Amino acid sequence: MPSASSNKKGFTLFELMIVVLLIGIIYGVFVHKLSQKERGSAKDTVTLESLKTFLSSFSPKEEAVLRCFTPCKTCRVYRDGKQVDDLEISLFEEAPNVYTSDAYGQLRRIEFTPIEGEKKQIMDVCFEFILFENESSSNYIVEYNKKAYLFDPYLKPVEVYDSLDVASAAFDKSKLLPTQKRSYNH
């Protein structure tokens, strides 16, 4: 009569290795899909208000840039001068109006410089926002969808106003005006 201990069946080392390998493959696919889903949902929720936070997530060593091309329906992200692969964002339906303040406190419209594309074609830029590694950024007012978005160059979040006039009044012009009499050119 066989003993009770000889009837026990167990897994061989090979079978256990196969199970661990299958679990590893399933886990790897799941994590990859999850990270793609998070990236996709993040790019779908980018707004002018969340733009600084979105670009800071790329942890640039020099700068992170969001650049939108005419007719302003597609935007691409560049980290330290290189385009982030497979990342296109729809931030605008039409080109926004972007303003900065001159030395006298008057708003003037910004025209962005066209760039050369990968295939040596000239691409018109309708919007560009730069976030530097020290968390400073582009400084201007963006008018879009009957709202005015004030981008401060430092750590302040984006402020949203109902009109360009109110945003212009909130724009810090003190950095732009001469502080000494000899600074004026008469």
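Below are the figures for this structure:
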{"quantity": "Matching residues in segment 114-132 - criterion: being out of contact with any Ser or Thr (no Cβ under 8 Å at 6 or more places or on another chain) and surrounded by 19 or more Cβ atoms within 10 Å (Cβ to Cβ)", "calculated": "PHE127"}
{"quantity": "In segment 133-145, residue farthest from the chain's Cα centre (by Cα) [restricted to those that are over 15 Å from ALA167 (Cβ atoms) and surrounded by fewer than 14 Cβ atoms within 10 Å (Cβ to Cβ)]", "calculated": "ASN134"}
{"quantity": "Lone unmet requirement of (1) more than 22 Å from LYS156 (Cα to Cα); (2) among the basic types (Lys, Arg); (3) touching an Asp or Glu at 6+ places or on another chain (Cβ under 7 Å) for ARG109", "calculated": "(3)"}
{"quantity": "Filter pass, PHE92 being surrounded by 14 or more Cβ atoms within 10 Å (Cβ to Cβ) and modelled with pLDDT of 90 or more", "calculated": "no"}
{"quantity": "Of all residues in segment 97-113 being touching a strand residue (DSSP E or B) at 6+ places or on another chain (Cβ under 8 Å) and exposed (fewer than 13 other Cβ atoms within 10 Å of the Cβ), the one that is modelled with the lowest pLDDT", "calculated": "ASP102"}
{"quantity": "Residue list for segment 95-111, restricted to those being without any contact (Cβ under 8 Å) to a residue 40 or more places away in the chain and closer than 12 Å to PHE69 by Cα", "calculated": "ALA95"}
{"quantity": "Considering residues of segment 1-19 that are of a type outside the set (S, T, N, Q) and outside any helix (DSSP H, G or I) only, the residue modelled with the lowest pLDDT", "calculated": "MET1"}
{"quantity": "So PRO60, is it part of a loop (DSSP other than H, G, I, E, B), assigned by TED's automatic domain parsing to the domain that holds ALA170, touching a residue at least 24 places away in the same chain (Cβ under 8 Å) and over 13 Å from the mean Cα position of the chain (by Cα)", "calculated": "no"}
{"quantity": "Breaking point among (1) in contact with a Leu (Cβ under 6 Å, 6 or more places away or on another chain); (2) part of a strand (DSSP E or B), for SER168", "calculated": "(2)"}
{"quantity": "Filter result (at pLDDT 85 or above, surrounded by fewer than 19 Cβ atoms within 10 Å (Cβ to Cβ) and charged (D, E, K, R)) within segment 66-79", "calculated": "ARG76, ARG79"}
{"quantity": "Candidate set from segment 52-65 (those that are surrounded by 13 or more Cβ atoms within 10 Å (Cβ to Cβ) and of a type in the set (D, E, K, R)); member that is nearest to ASP152 (Cα to Cα)", "calculated": "LYS52"}
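The values are calculated or read from the model by the stated rules, or taken from the named source; none is laboratory data. It should be emphasised that the depicted structure is a prediction, and the values quoted were computed from it without experimental measurement. Neighbour counts are summed over all protein chains in view; Cβ atoms, including those assigned to glycine, are modelled from backbone coordinates with ideal geometry.
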